[in-house]
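Enquirer: First the structure, which I've put down as structure tokens, then a few questions once you've had a look.
The values are calculated or read from the model by the stated rules, or taken from the named source; none is laboratory data. Keep in mind it's a predicted model, so treat the numbers as computed, not measured. Neighbour counts run over all protein chains shown; Cβ positions are idealised from the backbone, glycine included. Calculation scope for accessible area: heavy atoms of the full protein, side chains included, ligands and nucleic acids excluded. Shrake-Rupley method; radii C 1.70, N 1.55, O 1.52, S 1.80 Å.
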Amino acid sequence: MLSQPRRCACLLACLAAGALSAEPPADPAAWMRELVVRHGLEARESELAEWIDARLETHEVGRNARLFDAAMAEPLAFAAPLGAFAKRFVGAAPMPWQERLALALRQWAGQYDVEGDCDRGSLGPARDLDHAVAQVRALAEAAAQPYGRALGKRARQRLAADYAEAGNILRDRVVVALGWRERRRLRRFLGRLAAADAGAVLCSAMAWTRLTDANWLSRLRELIAAHPDADADIVLRAQTPFGDITVGGRADARMRSANVLFHADLAGDDFYGLEAPADFAGKPQFIVDFAGEDEYASALPGGYAGGVGRTALLVDFAGDDIYRAAAHAQGSAVLGVGALIDLGGNDRYAADSHAQGAATFGAGLLLDARGDDRYRVRAMGQGMGLTHGLGALLDLGGNDSYVATGTGQTNYGTPGLADTWSQGVGRGARGIAPGGIGVLADHAGDDRYDAGSFSQGGAYYQAVGLLLDRGAGNDVLNGSRYNAGWGAHGGVGLFANAAGDDRYSTRHVVAAGLAWDYSLAMFRDDAGDDHYRLGAFSLGAAAHGAVAWFLDLAGNDRYAGADRPAARYAEQPNFALFVDRGGDRDTWQGKEPARPSCEFGAEQGFALWLASGAETLPECAAGPEPIP
């Protein structure tokens, strides 16, 4: 049984407000509370909470499960810890990338109630390159020992044997569509991951990430530049029981290795072909490249910045770089930590799946500090959290493009559509295990998001998903079924866009604030003249004991292609809200919208439509009033 979760009075809207700006143009939380109190809906709210609570299944003990439980036990409230994490992790305040990495580790560790009493002694600057090699070797040993405690030799062998098969199941399939043999294999794999000592895995990661110390890296760069062979491709090479340590100079180099422990490169346009089978042995990896236009390629799962059974870090300081990978790379993790940090340049990222900020029983992070970047993944990436995982993609500047292509046909059988599970999505294995936390946050620029079904700020089965665009650019978002702020089967999803004249569209239905089956969902756009072209059951729609909000807080907006907003469906109690506050020239299906109105349903909860720039909530009649 879960312990009583910590509660707060902050609505789901508070999470969006805290993540986007300190002083949002409106206070959705106050509006929601005024709405509930004015119309005597407290009893309806309690009824919805009780109905949901009665249908919650027992799930694993852990902070992420408690976050979900707290949200669903009070449908108009949200748990404080995730809101605080999102505000800091994607906040506007400048933060060194080392601190963001440490924050991600702490958030992931919190899901396990790990105290984090690991030895984090300071790492002093190296006296010379030989001393730097000795420091790396000592930290490799410090990281390998606790990971060895987390998994015995036989457990490692079993996990490695199950990894490829279970990975293929998770990559493409919705769990409810699996046969009994596949479900049994998936349960076995997740059970073995859960049996590992999470505290020991965390201590292993904490030990290895001491190499990210800014002073140590700066001193290392000085030592390489001062070496007599600094113009060569390889300056130094050493072998250890944990892998090879190499130091590169200014020359262009081509590296191909399956046994890299540590590599530092001073400059040059380098090629890294890194191949290593996933063995869950806990041997860490760290690659740091200080300059040059580099290419990183891996055709096997668990490539560079792929923390599959280990901690794997890649830091690239400058240059227009190319990243290509199969699965579990580019900031991905399975029972470990994987982080890719790119601090400059117009970069290109391409991967098959479980990449670009994705994790299962671990933390996967991709942080790009600046540049016009292009991200492309087939499925399961770009901020995706599976069971006990935190997957996050943060882009801090530039005009960026995010594409999740998918392959084959969607689970619904709709021709021409594919499931992609990407771009700020949490996903659980329905009926088997709760999901994790997925975050995609973009801080600036005119950005484009394109994905298939189940993507773009949403969550499926006891999971949490966030897509936050903090910039003032004019953004374009194209999705399919379930996109732009959605929750399904116990998911909590948020999409929030700070400003700009944005365009939102879907290739099918259910988008922009859609909650289904005891879920929570919010879509929020703070400013700009926006254009919405959406399908049915969108714009704040709730079904089967769910809560959904759609908030557009400023601008002259256009709505086309969707059914009426604030829809509610099925006999269970629901709560659906559509609010368009700003602008006096909004249009609905090409016509001026009708007056603000609201609707009550005796068995179906409450739905509100507020539009045409109205500044106050409408006085609603006691009985049902159809929405035009």
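Enquirer: So which residues in region 517-541 are outside any loop (DSSP other than H, G, I, E, B), aliphatic (A, V, I, L, M) and touching a Phe, Trp or Tyr at 6+ places or on another chain (Cβ under 6 Å), if there are any at all? Lay out the reasoning, then the answer.
Expert: Initially, region 517-541 is screened for residues outside any loop (DSSP other than H, G, I, E, B), giving 520-525, 531-533, 541.
Next, only the ones that are aliphatic (A, V, I, L, M) stay: 520-522, 541.
Passing the criteria: Ala521, Met522.
Enquirer: While we're on this one: I'd like the full set of residues that are open to solvent by 50 Å² or more (accessible area, probe 1.4 Å), within 35 Å of the chain's Cα centre (by Cα), within 18 Å of Ala126 (Cα to Cα) and not hydroxyl-bearing (Ser, Thr, Tyr), limited to region 216-273.
Expert: Those that are open to solvent by 50 Å² or more (accessible area, probe 1.4 Å), within 35 Å of the chain's Cα centre (by Cα), within 18 Å of Ala126 (Cα to Cα) and not hydroxyl-bearing (Ser, Thr, Tyr): Arg219, Arg221.
Enquirer: Please give the number of the condition Ala350 fails out of (1) part of a strand (DSSP E or B); (2) modelled with pLDDT under 95; (3) of a type in the set (A, V, I, L, M, F, W, C); (4) out of contact with any Leu (no Cβ under 7 Å at 6 or more places or on another chain).
Expert: The single condition Ala350 does not satisfy is (2).
Enquirer: Oh, and also: With the condition kept exactly as written, say whether any residue in region 476-492 is open to solvent by less than 10 Å² (accessible area, probe 1.4 Å), more than 15 Å from Gly535 (Cβ to Cβ), under 14 Å from the mean Cα position of the chain (by Cα) and at pLDDT below 90.
Expert: yes
Enquirer: Here's another thing I want to ask about it. When region 305-316 is examined, which residues are found to be without any contact (Cβ under 8 Å) to a residue 60 or more places away in the chain and either in contact with an Asp or Glu (Cβ under 7 Å, 6 or more places away or on another chain) or closer than 11 Å to Leu261 by Cα (or both)?
Expert: Ala312, Asp316
Enquirer: Is it the case that region 368-376 has a residue that's out of contact with any helix residue (DSSP H, G or I) (no Cβ under 9 Å at 6 or more places or on another chain), outside any strand (DSSP E or B) and among the basic types (Lys, Arg)? Break it down stepwise before answering.
Expert: Quick first cut of region 368-376, residues out of contact with any helix residue (DSSP H, G or I) (no Cβ under 9 Å at 6 or more places or on another chain) only: 368, 370-376.
When the remaining residues are screened for being outside any strand (DSSP E or B), the result is 370-373.
Now restrict to residues that are among the basic types (Lys, Arg): 370.
So far as region 368-376 goes, yes, one or more of its residues are out of contact with any helix residue (DSSP H, G or I) (no Cβ under 9 Å at 6 or more places or on another chain), outside any strand (DSSP E or B) and among the basic types (Lys, Arg).
Enquirer: Consider Gly500 against the criteria (1) among the small types (Gly, Ala, Ser); (2) crowded, with 24+ Cβ neighbours inside 10 Å; (3) part of a loop (DSSP other than H, G, I, E, B): it satisfies all of them except one. Which criterion is unmet?
Expert: Gly500 satisfies all of (1) among the small types (Gly, Ala, Ser); (2) crowded, with 24+ Cβ neighbours inside 10 Å; (3) part of a loop (DSSP other than H, G, I, E, B) except (2).
Enquirer: Something else now. Sort out which residues of region 367-380 are under 22 Å from His328 (Cα atoms) and either open to solvent by 10 Å² or more (accessible area, probe 1.4 Å) or modelled with pLDDT under 95 (or both), and write them in order of number. Can you show your working first?
Expert: Going residue by residue through region 367-380, those that are under 22 Å from His328 (Cα atoms) are 367-369, 373-380.
Selection gives Ala369, Arg374, Arg376, Arg378, Ala379, Met380.
Enquirer: Then there's this: Could we say that Ala472 is under 12 Å from Ala527 (Cα atoms) and in contact (Cβ under 8 Å) with a residue 60 or more places away in the chain here? Break it down stepwise before answering.
Expert: On the way: under 12 Å from Ala527 (Cα atoms): yes; in contact (Cβ under 8 Å) with a residue 60 or more places away in the chain: no.
Against the criterion (under 12 Å from Ala527 (Cα atoms) and in contact (Cβ under 8 Å) with a residue 60 or more places away in the chain), Ala472 does not qualify.
Enquirer: Would you call Arg430 of a type in the set (D, E, K, R), modelled with pLDDT of 95 or more and open to solvent by 10 Å² or more (accessible area, probe 1.4 Å)? I'd like the intermediate steps shown before the answer.
Expert: Numbers: of a type in the set (D, E, K, R): yes; modelled with pLDDT of 95 or more: no; open to solvent by 10 Å² or more (accessible area, probe 1.4 Å): yes.
Criteria not met by Arg430.
Enquirer: Give Ala351, Ala333, Ala329 a once-over and let me know the one that is open to solvent by less than 20 Å² (accessible area, probe 1.4 Å), of a type in the set (A, V, I, L, M, F, W, C), in contact with a Gly (Cβ under 9 Å, 6 or more places away or on another chain) and touching a residue at least 40 places away in the same chain (Cβ under 8 Å).
Expert: After applying the criteria, what remains is Ala333.
Enquirer: Kindly indicate whether Gly338 is in a loop (DSSP other than H, G, I, E, B) and touching a residue at least 12 places away in the same chain (Cβ under 8 Å). Working first, answer last.
Expert: Working: in a loop (DSSP other than H, G, I, E, B): no; touching a residue at least 12 places away in the same chain (Cβ under 8 Å): yes.
Judged against the criteria, Gly338 is not a match.
Enquirer: Take residues that are in contact with a strand residue (DSSP E or B) (Cβ under 8 Å, 6 or more places away or on another chain), modelled with pLDDT of 75 or more and within 27 Å of Asn497 (Cβ to Cβ) and tell me which of the helices (runs of 4 or more DSSP H) falling wholly in region 54-157 contain 2 or more.
Expert: Numbers: elements: 63-73, 80-89, 97-110, 129-150.
The qualifying helices (runs of 4 or more DSSP H) are 97-110.
Enquirer: If I go through region 274-291 residue by residue, how many of them are under 16 Å from Phe317 (Cβ atoms), open to solvent by less than 20 Å² (accessible area, probe 1.4 Å) and either without any contact (Cβ under 8 Å) to a residue 40 or more places away in the chain or charged (D, E, K, R) (or both)?
Expert: Residues of region 274-291 under 16 Å from Phe317 (Cβ atoms): 286-291.
The next check asks that each one be open to solvent by less than 20 Å² (accessible area, probe 1.4 Å); those that pass are 286-290.
Then keep just the ones that are either without any contact (Cβ under 8 Å) to a residue 40 or more places away in the chain or charged (D, E, K, R) (or both); that gives 287, 289.
Residues flagged as under 16 Å from Phe317 (Cβ atoms), open to solvent by less than 20 Å² (accessible area, probe 1.4 Å) and either without any contact (Cβ under 8 Å) to a residue 40 or more places away in the chain or charged (D, E, K, R) (or both) within region 274-291 amount to 2.
Enquirer: Please work out which one of (1) touching a residue at least 60 places away in the same chain (Cβ under 8 Å); (2) closer than 17 Å to Arg430 by Cβ; (3) open to solvent by less than 10 Å² (accessible area, probe 1.4 Å) is the condition Ser453 fails and give its number.
Expert: (1)
Enquirer: Continuing with the same structure: Can you work out which of the residues in region 398-427 that are assigned to a loop (DSSP other than H, G, I, E, B) and small (Gly, Ala, Ser) is surrounded by the fewest Cβ atoms within 10 Å (Cβ to Cβ)?
Expert: The initial filter retains those residues of region 398-427 that are assigned to a loop (DSSP other than H, G, I, E, B), namely 398-400, 405-418, 420-421, 423-424.
Filter again for small (Gly, Ala, Ser), leaving 398, 406, 408, 413, 416, 418, 424.
Details: Gly398: 23, Gly406: 24, Gly408: 10, Gly413: 7, Gly416: 10, Ala418: 21, Gly424: 36.
The extreme case among them is Gly413.
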